Amino acid sequence: MNGCGAVLEIVYSLRDFLFPPSCLSCEGEITGDGLLCSDCFDMFTAAAFKYKPPQRTIEHVTHYSVLLPYDSACRTIVHSLKYHGMPSIGIIFGKLLAQKTLAEHTLSENTILVPVPLHPSRLKDRGYNQSERIAQGFAAFSGYTLTSDILKRTRNTGTQTALDHGERSQNVSNAFMYSGEKHLSGTDVVLFDDVMTTGSTIEACALALKNGGAGKITVCVLATPDVGNE
């Protein structure tokens, strides 16, 4: 983590200490040290294990695991993670994503966890990579190794939100590269992102990992829209 990111982490922690947040979902009182009340967390947990994402094929990806549909309740969580300076949300839901993923798929013993990288300029502005926070939660629950330095975003692609499928693919084409010192030699990878819409970003990252010698690639995301774009 860079110096700016460390300072922002301290600011976020101090803010939460001085002004304990209400539940992000229902805005009710929180009795513990989390960001969701127990009722809302139980609701998200039940929804996660019930949810079956739409079937899709993404080149170079063997399996994918999606925690929740990208509905209004989930959007609040994702926006709190990405835009409102609440990185601990990624840890909380990353652990839940690990529970669901490991119940659905068997990962090999040598599997490594890799987050979709941010461009350095955006990382500096935000202070943390939300996908890395999700992967950290997954790692804390599963014990798999998190490796954050083998994928590099080579250019600042800008937001994908207003783009259609073709524009999204063009936007991220050749935007990622494998930057590891050693060839992966068939090592399996779990790739993490927050929201998967068309899958363009995931596909571009998966190609870069394959160019680095990755074996099977499993994708884990917090959410995906059931219909259309986010």
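Straightening the chain between Ser38 and Ala140 buys 34.7 nm, computed as 0.36 nm per residue apart minus the Cα-Cα spacing. In this simple spin-label approximation, Glu59 and Ser108 carry label points 7 Å from Cα along the Cα→Cβ vector, and these lie 2.3 nm apart. Ranking of Ser72, Ser121, Ser179, Ser200 by neighbouring Cβ atoms within 10 Å, starting from the fewest: Ser72, Ser121, Ser179, Ser200. Estimated at 0.36 nm per residue, the fully extended path between Glu29 and Gln99 surpasses their Cα-Cα distance by 22.6 nm. Put in order of Cβ neighbour count within 10 Å, fewest first, the listed residues Val190, Val61 become Val61, Val190. Exposure proxy for Cys220, Cys74, Cys40: other Cβ atoms within 10 Å of each Cβ, ordered fewest to most, give Cys40, Cys74, Cys220. Which whole-angstrom value gives the distance between the alpha carbon centres of the range 199-216 and the range 119-141? Answer, in whole Å: 19. What base-10 log of the normalised intensity I(q)/I(0) is obtained for the range 51-224 from the Debye formula, alpha carbons as equal point scatterers, at q = 0.10 Å⁻¹? These q points yield log10 I(q)/I(0) values of -0.33. Given R0 = 25 Å, the distance between the Cβ atoms of Ala46 and His84 translates into a calculated FRET efficiency of 0.50. If you plug the beta carbon distance of Ser72 and Lys182 into 1/(1 + (r/R0)^6) with R0 = 25 Å, you get a FRET efficiency near 0.05. The slack between Ser22 and Thr154, meaning 0.36 nm per residue of separation minus the straight C-alpha distance, is 43.7 nm.
Every number in this text was worked out from the coordinates using simple rules, so none of it is lab data. Because the structure is a prediction, the values reported are computed rather than measured. Cβ atoms come from the backbone with ideal geometry, glycine included; neighbour counts cover every protein chain shown.
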